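The values are calculated or read from the model by the stated rules, or taken from the named source; none is laboratory data. No experiment lies behind these values; they were computed from the predicted model shown. Because the Cβ atoms are built from the backbone with ideal geometry, glycine has one as well, and the counts that use them run over all protein chains shown. We work out accessible area using only protein heavy atoms, side chains counted, and drop any ligands, DNA or RNA first. Shrake-Rupley method; radii C 1.70, N 1.55, O 1.52, S 1.80 Å.
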Amino acid sequence: MVTKALVALCAAAFTVSSTPVASGAPAGELAAARAATAAYHNIDTARAAGYELFTDAQGIACIDKSGRGAMGIHYANLAEVQDPSIDAVRPELVVYAPGTHGQMHLVALEYVVFKDAWDATHSTRPSLFGQRFDLTRSPNRYDLPPFYSLHAWVWKYNPDGMFARWNPKVSCPAG
(Lines give C-alpha, C1' and ligand atoms only; values in the text may rest on other atoms or scores of the structure.)
Protein backbone atom coordinates (compact mmCIF):
# COMPACT_ATOMS: atom_id res chain seq x y z
CA MET A 1 0.00 0.00 0.00
CA VAL A 2 1.25 3.46 -0.88
CA THR A 3 1.30 5.48 2.29
CA LYS A 4 0.87 9.23 2.47
CA ALA A 5 4.26 9.47 4.16
CA LEU A 6 5.96 7.68 1.27
CA VAL A 7 4.29 9.92 -1.30
CA ALA A 8 5.11 13.01 0.77
CA LEU A 9 8.73 11.83 0.96
CA CYS A 10 8.78 11.55 -2.82
CA ALA A 11 7.36 15.05 -3.09
CA ALA A 12 9.98 16.41 -0.74
CA ALA A 13 12.70 14.78 -2.82
CA PHE A 14 11.44 16.73 -5.82
CA THR A 15 10.54 20.02 -4.26
CA VAL A 16 11.24 21.27 -7.35
CA SER A 17 -13.90 2.72 -25.49
CA SER A 18 -17.07 3.98 -24.40
CA THR A 19 -16.05 7.52 -23.76
CA PRO A 20 -16.24 10.00 -26.63
CA VAL A 21 -13.31 12.27 -27.39
CA ALA A 22 -13.72 15.54 -25.50
CA SER A 23 -13.93 18.74 -27.43
CA GLY A 24 -10.45 20.23 -27.74
CA ALA A 25 -8.72 17.02 -26.60
CA PRO A 26 -6.21 15.67 -29.13
CA ALA A 27 -7.61 12.31 -30.29
CA GLY A 28 -4.12 10.89 -30.80
CA GLU A 29 -3.07 11.54 -27.19
CA LEU A 30 -6.30 10.00 -25.87
CA ALA A 31 -5.93 6.95 -28.12
CA ALA A 32 -2.32 6.53 -26.99
CA ALA A 33 -3.36 6.77 -23.31
CA ARG A 34 -6.06 4.15 -23.83
CA ALA A 35 -3.72 1.82 -25.69
CA ALA A 36 -1.01 2.17 -23.02
CA THR A 37 -3.41 1.44 -20.16
CA ALA A 38 -5.77 -1.13 -21.70
CA ALA A 39 -3.97 -3.99 -19.94
CA TYR A 40 -4.80 -2.35 -16.58
CA HIS A 41 -8.42 -3.47 -16.88
CA ASN A 42 -6.89 -6.44 -15.09
CA ILE A 43 -5.96 -4.97 -11.72
CA ASP A 44 -3.29 -7.64 -11.20
CA THR A 45 -1.54 -6.35 -14.32
CA ALA A 46 -1.61 -2.82 -12.91
CA ARG A 47 -0.14 -4.08 -9.63
CA ALA A 48 2.59 -5.95 -11.50
CA ALA A 49 3.40 -2.68 -13.30
CA GLY A 50 3.99 -0.94 -9.96
CA TYR A 51 0.58 0.55 -9.16
CA GLU A 52 -0.28 0.26 -5.46
CA LEU A 53 -3.41 1.14 -3.50
CA PHE A 54 -3.43 4.80 -2.49
CA THR A 55 -5.54 6.10 0.38
CA ASP A 56 -6.20 9.53 1.80
CA ALA A 57 -4.87 10.66 5.20
CA GLN A 58 -7.84 8.95 6.93
CA GLY A 59 -7.07 5.62 5.22
CA ILE A 60 -10.06 5.93 2.87
CA ALA A 61 -9.51 4.16 -0.45
CA CYS A 62 -12.67 5.01 -2.39
CA ILE A 63 -12.86 8.76 -2.85
CA ASP A 64 -16.33 10.28 -3.18
CA LYS A 65 -18.10 13.57 -2.56
CA SER A 66 -21.71 13.77 -1.47
CA GLY A 67 -23.91 15.11 -4.23
CA ARG A 68 -21.11 15.06 -6.84
CA GLY A 69 -20.32 11.37 -7.34
CA ALA A 70 -16.96 9.72 -6.89
CA MET A 71 -13.48 9.45 -8.27
CA GLY A 72 -13.13 5.82 -7.25
CA ILE A 73 -10.23 3.82 -5.90
CA HIS A 74 -6.78 5.08 -6.84
CA TYR A 75 -3.67 3.01 -7.48
CA ALA A 76 -0.46 5.06 -7.63
CA ASN A 77 2.83 4.24 -9.29
CA LEU A 78 5.57 5.82 -7.16
CA ALA A 79 8.11 5.81 -9.98
CA GLU A 80 5.70 7.92 -12.04
CA VAL A 81 4.82 10.14 -9.05
CA GLN A 82 8.53 10.79 -8.49
CA ASP A 83 9.01 11.84 -12.12
CA PRO A 84 7.95 15.50 -12.49
CA SER A 85 7.24 15.12 -16.22
CA ILE A 86 3.80 14.64 -17.77
CA ASP A 87 3.28 11.83 -20.27
CA ALA A 88 -0.14 10.72 -21.58
CA VAL A 89 0.95 7.07 -21.77
CA ARG A 90 2.40 6.99 -18.26
CA PRO A 91 -0.28 8.11 -15.78
CA GLU A 92 0.76 8.51 -12.17
CA LEU A 93 -2.48 6.86 -11.04
CA VAL A 94 -5.06 4.48 -12.45
CA VAL A 95 -8.56 4.69 -11.00
CA TYR A 96 -11.07 1.90 -10.48
CA ALA A 97 -14.76 1.84 -9.63
CA PRO A 98 -15.91 -0.94 -7.33
CA GLY A 99 -18.49 -3.24 -8.88
CA THR A 100 -21.56 -4.71 -7.22
CA HIS A 101 -19.86 -8.08 -6.71
CA GLY A 102 -16.49 -6.82 -5.50
CA GLN A 103 -14.84 -6.65 -8.92
CA MET A 104 -12.86 -3.57 -9.90
CA HIS A 105 -13.45 -1.70 -13.18
CA LEU A 106 -10.83 0.61 -14.66
CA VAL A 107 -12.60 3.94 -15.20
CA ALA A 108 -10.05 6.76 -15.30
CA LEU A 109 -6.44 7.83 -15.41
CA GLU A 110 -5.03 10.55 -13.21
CA TYR A 111 -1.99 12.64 -13.95
CA VAL A 112 -0.27 14.30 -10.99
CA VAL A 113 2.78 16.48 -10.48
CA PHE A 114 3.79 18.29 -7.30
CA LYS A 115 3.46 22.05 -7.66
CA ASP A 116 6.96 22.93 -6.45
CA ALA A 117 8.59 20.43 -8.81
CA TRP A 118 6.59 21.66 -11.80
CA ASP A 119 6.89 25.36 -11.03
CA ALA A 120 10.66 25.09 -10.68
CA THR A 121 10.96 24.66 -14.45
CA HIS A 122 7.67 25.96 -15.88
CA SER A 123 5.87 29.31 -15.83
CA THR A 124 2.36 27.93 -16.44
CA ARG A 125 0.27 25.07 -15.08
CA PRO A 126 0.73 21.71 -16.73
CA SER A 127 -1.72 20.66 -19.41
CA LEU A 128 -2.49 17.47 -21.26
CA PHE A 129 -5.17 16.53 -23.79
CA GLY A 130 -5.69 20.28 -24.29
CA GLN A 131 -6.76 20.64 -20.62
CA ARG A 132 -5.15 22.63 -17.82
CA PHE A 133 -4.49 20.70 -14.62
CA ASP A 134 -6.38 21.54 -11.40
CA LEU A 135 -4.44 22.79 -8.37
CA THR A 136 -4.99 21.10 -5.02
CA ARG A 137 -3.63 23.29 -2.25
CA SER A 138 -2.31 22.22 1.12
CA PRO A 139 -3.66 21.27 3.57
CA ASN A 140 -5.72 18.66 1.72
CA ARG A 141 -7.38 15.33 2.47
CA TYR A 142 -4.23 13.46 1.34
CA ASP A 143 -1.88 15.34 3.69
CA LEU A 144 0.31 16.15 0.69
CA PRO A 145 2.05 19.32 -0.44
CA PRO A 146 0.25 21.30 -3.18
CA PHE A 147 -0.09 19.38 -6.44
CA TYR A 148 -1.51 19.70 -9.93
CA SER A 149 -3.77 16.95 -11.23
CA LEU A 150 -5.93 16.01 -14.17
CA HIS A 151 -8.53 13.26 -14.22
CA ALA A 152 -9.23 11.68 -17.58
CA TRP A 153 -12.32 9.47 -17.69
CA VAL A 154 -11.04 7.53 -20.69
CA TRP A 155 -12.63 4.22 -19.68
CA LYS A 156 -16.04 5.34 -18.34
CA TYR A 157 -18.45 7.96 -19.59
CA ASN A 158 -18.77 11.00 -17.32
CA PRO A 159 -21.83 13.20 -17.96
CA ASP A 160 -19.98 16.08 -16.27
CA GLY A 161 -17.17 15.84 -18.84
CA MET A 162 -14.19 13.68 -19.60
CA PHE A 163 -11.90 15.82 -17.43
CA ALA A 164 -14.20 16.56 -14.47
CA ARG A 165 -12.90 15.52 -11.04
CA TRP A 166 -16.10 13.77 -9.96
CA ASN A 167 -18.21 11.32 -11.92
CA PRO A 168 -21.87 10.99 -10.88
CA LYS A 169 -21.91 7.55 -12.55
CA VAL A 170 -19.33 6.25 -10.03
CA SER A 171 -20.06 5.50 -6.40
CA CYS A 172 -18.28 4.10 -3.39
CA PRO A 173 -19.75 1.36 -1.23
CA ALA A 174 -21.40 2.54 1.99
CA GLY A 175 -19.28 2.25 5.11
ask   = Is it the case that segment 5-23 has a residue that's more than 30 Å from Ser123 (Cβ to Cβ) and at pLDDT 95 or above?
value = no
key: Unique match (being open to solvent by less than 20 Å² (accessible area, probe 1.4 Å) and modelled with pLDDT of 95 or more) among Ile43, Ile63, Ile86   = Ile63
remark   = Sole miss for Ser138 among (1) among the small types (Gly, Ala, Ser); (2) within 13 Å of the chain's Cα centre (by Cα); (3) part of a loop (DSSP other than H, G, I, E, B) is condition (2)
task = Kindly list the number of the only condition in (1) surrounded by fewer than 20 Cβ atoms within 10 Å (Cβ to Cβ); (2) in contact with a Leu (Cβ under 9 Å, 6 or more places away or on another chain) that fails for Glu110.
result = (1)
note = Given (1) open to solvent by 20 Å² or more (accessible area, probe 1.4 Å); (2) in contact with a Gly (Cβ under 8 Å, 6 or more places away or on another chain), Arg141 misses just (2)
note = With the first residue restricted to segment 57-70 and required to be within 24 Å of Tyr157 (Cα to Cα), and the second required to be open to solvent by 50 Å² or more (accessible area, probe 1.4 Å) and part of a loop (DSSP other than H, G, I, E, B), Cβ contacts under 6 Å at 6 or more apart or on different chains are Gly69/Pro168; Ala70/Ser171
task = Might you check whether a residue that is out of contact with any helix residue (DSSP H, G or I) (no Cβ under 7 Å at 6 or more places or on another chain), open to solvent by 70 Å² or more (accessible area, probe 1.4 Å) and either part of a strand (DSSP E or B) or closer than 25 Å to Ile43 by Cα (or both) occurs anywhere in segment 149-161?
result = yes
query = Does Ala164 fit the bill of being among the aliphatic types (A, V, I, L, M), touching a His at 6+ places or on another chain (Cβ under 9 Å) and either at pLDDT below 95 or assigned to a loop (DSSP other than H, G, I, E, B) (or both)?
reply = yes
